[in-house]
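K.L.:
Got a structure here, written out as structure tokens. Questions coming.
The values are calculated or read from the model by the stated rules, or taken from the named source; none is laboratory data. All figures in this text were calculated on a predicted structure; none of them were measured in a lab. Ideal geometry is used to build each Cβ from the backbone, glycine not excepted, and the neighbour counts take in all protein chains shown.
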Amino acid sequence: MTFRLVPFLIFLVLAPAALAFTWAAHAQEDAVERGRYLFAVAGCQGCHTVKGGELLAGGRALKTPFGTFYGPNITPEPEHGIGRWSDADFLRALREGVSPDGDFYYPAFPYLSFTGMTDEDILAIKAYIFTLPPVAEPRRDHDLDFPYNIRVGLAPWRWRYFKPGPLKPDPGHGEAWNRGAYLVQAVAHCVECHTPRDFLGGPKKDMAFAGTAEGPEGTVVPNITPNKQTGLGDWSAGDFDFFLSLGMMPDGDVVGDVMYEVVQSGTSKLTRADREAIAAYLQALPPILHVVERKKP
């Protein structure tokens, strides 16, 4: 009888460990898939990949009034990428805009928005990135004008403009609005491109989403508030859904420039529920009367 109990006792000892291992494996798979989705919505590929180059190997130029920034290598390569980064390092980068070495990141990296993300979502993106091929591509230094090339000057800038997250749900609004706010404000960081900036490069909060003539790569970024004269006040929920899916506007015109990339690799990957949530949030914004026109050279 005792001999027959041995297998059963072994099962009792090993079963919890086996179940824990299985649960952990499934949890990791879920995190990676969640990260894949958020990675697309956050537009990581666009800023960290040169057209025609290796995924996330860096080098993509972002021209601004302060000089040219180059997206760094964020592949899991240990020397030139982020392969040695811990979870804490990754969280600090997106939540606080601070590198593992303690340096402040320039706000060309949209940590002012990413700070609104939850820890779970931030680490899911890291989990996905670490499944991608490492690329040994050295980082390219930013080419900035004086005095913007002095990184210590970011300290007062952060004091004025940076508010650490995460973003908290607003109990005065429903689930769809809050989901849309989270996607628009934090993950997709739409406010970064669609908001005019002051002479220090800080966002003009009272003009959030009202558009600017000084968008990425010299593009004109439209007003996406629900103002009927200069914004998207006449757009229906279906119009938003069609645009975010295909990049086509209600008048049949197709989006171009940088926004085409955003649609192709980002918003087109959204679930229908998330597209509807974004529409619900944008349609509830304060309508701002702001005409955006390309500046004359």
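K.L.:
Give all pairs with beta carbons closer than 6 Å in which a residue from segment 163-191 that is closer than 20 Å to Arg95 by Cβ meets a residue that is among the basic types (Lys, Arg) and part of a loop (DSSP other than H, G, I, E, B); count only pairs at least 6 apart in sequence or on separate chains.
P.N.:
none
K.L.:
As an exercise: evaluate Phe240 against (1) within 18 Å of the chain's Cα centre (by Cα); (2) surrounded by 17 or more Cβ atoms within 10 Å (Cβ to Cβ) and give the number of the one condition it does not meet.
P.N.:
That leaves (1) as the condition not met.
K.L.:
On to the next question. If you check every pair at least six apart or on different chains, which have Cβ atoms under 9 Å apart with a residue in segment 76-101 that is within 20 Å of Arg140 (Cβ to Cβ) first and a residue that is assigned to a loop (DSSP other than H, G, I, E, B) and of a type in the set (Asp, Glu) second?
P.N.:
Close Cβ pairs satisfying both conditions: Glu77/Glu137; His80/Glu137; Gly81/Glu137; Gly83/Glu77.
K.L.:
Which of the numbered conditions does Phe242 fail, given that it passes all the others? Conditions: (1) without any contact (Cβ under 8 Å) to a residue 12 or more places away in the chain; (2) closer than 26 Å to His48 by Cα.
P.N.:
Every condition holds for Phe242 apart from (2).
K.L.:
Now for a different question. Being within 24 Å of His142 (Cβ to Cβ), in the same structural domain as His142 (by TED's automatic domain parsing), surrounded by 15 or more Cβ atoms within 10 Å (Cβ to Cβ) and modelled with pLDDT under 90: is that true of Thr64 here?
P.N.:
Spelling it out, Thr64 is indeed within 24 Å of His142 (Cβ to Cβ), in the same structural domain as His142 (by TED's automatic domain parsing), surrounded by 15 or more Cβ atoms within 10 Å (Cβ to Cβ) and modelled with pLDDT under 90.
For every residue, the table says whether it meets (1) modelled with pLDDT under 95; (2) buried (at least 16 other Cβ atoms within 10 Å of the Cβ); (3) among the polar types (S, T, N, Q).
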position	(1), (2), (3)
Gly59	yes, yes, no
Ile74	no, yes, no
Glu77	no, yes, no
Gly81	no, yes, no
Ser86	no, no, yes
Arg92	no, yes, no
